[in-house]
Every structure is written in structure tokens, then in C-alpha cells.
1. Show me, for the range 81-92, the HN-Hα J-couplings you get by feeding each phi into the Karplus relation (A = 6.51, B = -1.76, C = 1.60, θ = phi - 60°), rounded to Hz, glycine and proline as x.
2. If each residue of separation counts as 0.36 nm, what is the full-extension length gain between TYR77 and GLN216 once their alpha-carbon separation is subtracted?
3. Give the Debye-formula value of log10 I(q)/I(0) at each listed q (0.17, 0.18, 0.26 Å⁻¹), with one equal scatterer per alpha carbon of the range 173-226, two decimals each.
4. Pulled fully out, how much extra length does the chain show between LYS47 and SER190, if you take 0.36 nm times their separation in residues and subtract their Cα-Cα distance?
5. Roughly what % of Cα-Cα distances in the range 126-226 sit above 23 Å, to the whole percent?
6. Give me the net charge for the shell around TRP191: Cβ to Cβ below 14 angstrom, other residues only, Lys and Arg +1, Asp and Glu -1.
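Since every read-out is calculated from the coordinates, none of them should be taken as a lab result. Note that the structure is predicted; figures quoted are calculated from it, not measured. Virtual Cβ from ideal backbone geometry, glycine too; neighbours counted across all protein chains shown.
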Amino acid sequence: MSKRIEKQLNSFKYKGEPIRITLGTLIMTGLCILLIVVATFTQVTIKHPYLPFDTITYLSQDYLSDFEILHHFIKTYKYIPQIPVVFFIVALMGRKFGMLAIVGYIILGLFFPIFALGGGISYLFEYGFGYILAFLPAVFLAGTLLKGKVPFLRVLVVSAIGVAMIHVLGMLYMFFVATLRHAPMELVISWIANQSGIQVVYDIFFTVLAIYLGKQTRKLLWIVMC
């Protein structure tokens, strides 16, 4: 193989280089915004075995059928994969274009009903808006730490810290809005339990998978994005 041909082939390989601003990358960024919108309104039913706190007392009952026992130890959860999709985008597009996609999503949401509960300027005072704003520092962190080849431990740490950052900042914003509205604490706790309860565990698990998927997809789309 001649050096000229070898050089041409190497130019098509992804070697951890940053993505350049091209028409292809701008189109991909627009598609990423659309992907966030789709994830916002997508609900996935997850079923898996688990051990509830009442396992011992539940099994001590004699009148239970096999079906009841099996159903009791199967967890069914309605999951919205918005956060893993955000980390998929930053793994795919990098920090700069990941931030651009999130900023574009937020700006569009302040004019059009693409957020979970609608949209418009008034959404600034919705309880859940803090989770959306928290995408920005989480994407900045993830984009900074996920450059080049990334070992599993770093992916796990980035996923855990990034997801925790989104939920903590989201909860703080929720308390801020509740203070402005003079809302009862019971309502705020209910919102937190709904938005940041077991959801955090699922978010971390699926974020790890999303980052790896984003990394592999980036290699496949390297020519298109650059």
C-alpha cells in the first residue's frame, strides 16, 4: 500500500479528534435537539426482579399463590429516558456541540411547548425547569471528562456525578420556585419523590449505556460530522 493511499485511509478514521463546525455537524446538532424532545415524551415500561422491604413478612403468609408471589417481586416502572439521551448526545457530539444542543433545546422550549409540561417564558417558574437548566453544567462536566478513550471507571464516575448534579440542582430550583409560590412543603417533597426518587438509579444505569453507545456512534458518524 502506498503512503498516499494509507494517508487517505487514515483521514477517514476517528482518532479522538474534536468535531469541527460544518454543515453536517450543525444538522446533527439539530437532530440531537429533536432527539431530546422525543425522549421527553417517551415513556418506557421497565420490569425487573427486586427485593422489597417487606420480603420476609410477605413470604411468611400461607395463602399466597405463586402468581401473587412472582408479581410482588417484579418491579414495574414507567421511565422517561431524557437524561440518558442528554449524555448520549455529549458522548456523540462532544462538549461544544452538546452544550449547543442543550442551549437550543432550552431556547426553543421557552417559545414552543416542547418541555414535559408545555413551554413558554412562564415555564421558568415551573418546578421541573431546574432539571432542564442543570443539563448545562452536567454536559460541560461530561464533555470535559469524556474526551478520547475513556475507561469504564471514568464513565461510571461521570454518569454518577452528572446525574447527581442534575437532580441536586433540580431539587434546589424546585425549593426556590416553591418559596416564590409559598407552596406547602408536602407538595415539594411529593415532587422530589416523583422526579428524583428511584429515577436516579435508573438514570445512572442507562446513562452508562448511553455514553458507550454515543462513543461508538461517534466513530461511525465521524466522516459525516466532520
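1. With the stated coefficients, the range 81-92 comes to x, 5, 5, x, 5, 4, 6, 4, 5, 5, 5, 6 Hz.
2. 47.2 nm
3. Log10 I(q)/I(0), no solvent term: -0.67, -0.69, -0.94.
4. Details: separation 143, 0.36 × 143 = 51.48 nm, distance 2.33 nm.
Result: 49.2 nm gained on full extension.
5. 37
6. -1
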